[in-house]
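K.L.:
Mind having a look at this structure? Questions to follow.
Every number in this text was worked out from the coordinates using simple rules, so none of it is lab data. Note that this is a predicted model, so its numbers are computed, not measured. Heads up, the Cβs are rebuilt from the backbone with ideal geometry, glycines too, and the neighbour counts pull from every protein chain shown.
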Amino acid sequence: MHISLQILLLIVVALIVIFALLQLTGKKTDHGAHIAHRHGHARSAEWSRVAKEHLQREPRCVACGYKGSKLQVHHIRPFHLHPQLELDPHNLITLCEARGREHHLLLGHLGEWESYNEHIREDVKHFYHKTAAQIRADLHWQKKMTLRP
C-alpha cells in the first residue's frame, strides 16, 4: 500500500486541527489514567468527584499559587503503583501545568510522566514560585531527575 504525500499531509493537518480543538475546549490529558491502564489499572468511577472535592479544599498550585484552568490533581504515591490510594485525600496535591511553569510534570513527575517524586511536599517549598526554566536549571532538580524512580 502506497500513501501519497498529499494524503499524508492531509492526515497530519487533520491531527493538528484535532489537537488544537482539544486544547481550545479545555480537554485535559489524564496522564495518570494512561499510565495506569498500561499497568492494568483503571480510574475509579469516583475519581472525578474526589478530584473536584480536592480542588475545592486546595484550589491553588502549591508550587506557585496559580489558580486557573491548568490545575491538576497529582497523586503523591503514583496511582499506577498504588491503585488503592487513588481516592485517598492524603495522597493528593494540587499542581499546575500552566505555560512556563509545568509544576505537575517537573516537580510531581521529575520530568517524566511515568516517574514520581516521593518528596514532592518538600520540593514545592524549595522550588516555590520558580519557573520551568529555573527548575530545569537547578542542580538539585537535575540530580533528582537522574535518580528518579
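K.L.:
Counting only the backbone N, which residues of region 71-87 are under 14 Å from the spot 7 Å out from the Cα of R49 toward its beta-carbon?
P.N.:
Under 14 Å, as judged by backbone N against the label point of R49, lie 87 of region 71-87.
K.L.:
How do the peptides 105-118, 46-59 rank, highest first, by the average count of neighbouring beta carbon atoms within 10 Å per residue?
P.N.:
Details: 105-118: 20.5, 46-59: 13.4.
Highest-to-lowest ranking by the protection proxy: 105-118, 46-59.
K.L.:
Relative contact order of region 30-146: what whole-number percent is it, with Cα pairs under 8 angstrom and at least 6 residues apart?
P.N.:
Relative contact order here is 24 percent.
K.L.:
Here's another thing I want to ask about it. Along the Cα→Cβ direction, 7 angstrom out, place labels at H90 and Q134. What is the inter-label distance in nm?
P.N.:
Roughly 3.2 nm, to one decimal.
K.L.:
Just from its helices, what would the mean residue ellipticity at 222 nm be for the chain, if runs of 4 or more DSSP H residues each count -39500 (n - 2.57) and the sum is divided by every residue, rounded to the nearest 500 deg cm²/dmol?
P.N.:
-12000 deg cm²/dmol
K.L.:
Now for a separate question. Taking 0.36 nm per residue of separation and subtracting the Cα-Cα distance, what length does fully extending R148 through V13 add?
P.N.:
Working it through step by step, the gained length comes to 45.0 nm.
K.L.:
Using 0.36 nm per residue of separation minus the Cα-Cα distance, give me the extension gain between E112 and H126 in nm, one decimal. Walk me through the intermediate numbers first.
P.N.:
Numbers: separation 14, 0.36 × 14 = 5.04 nm, distance 1.96 nm.
Going from the current span to full extension adds 3.1 nm.
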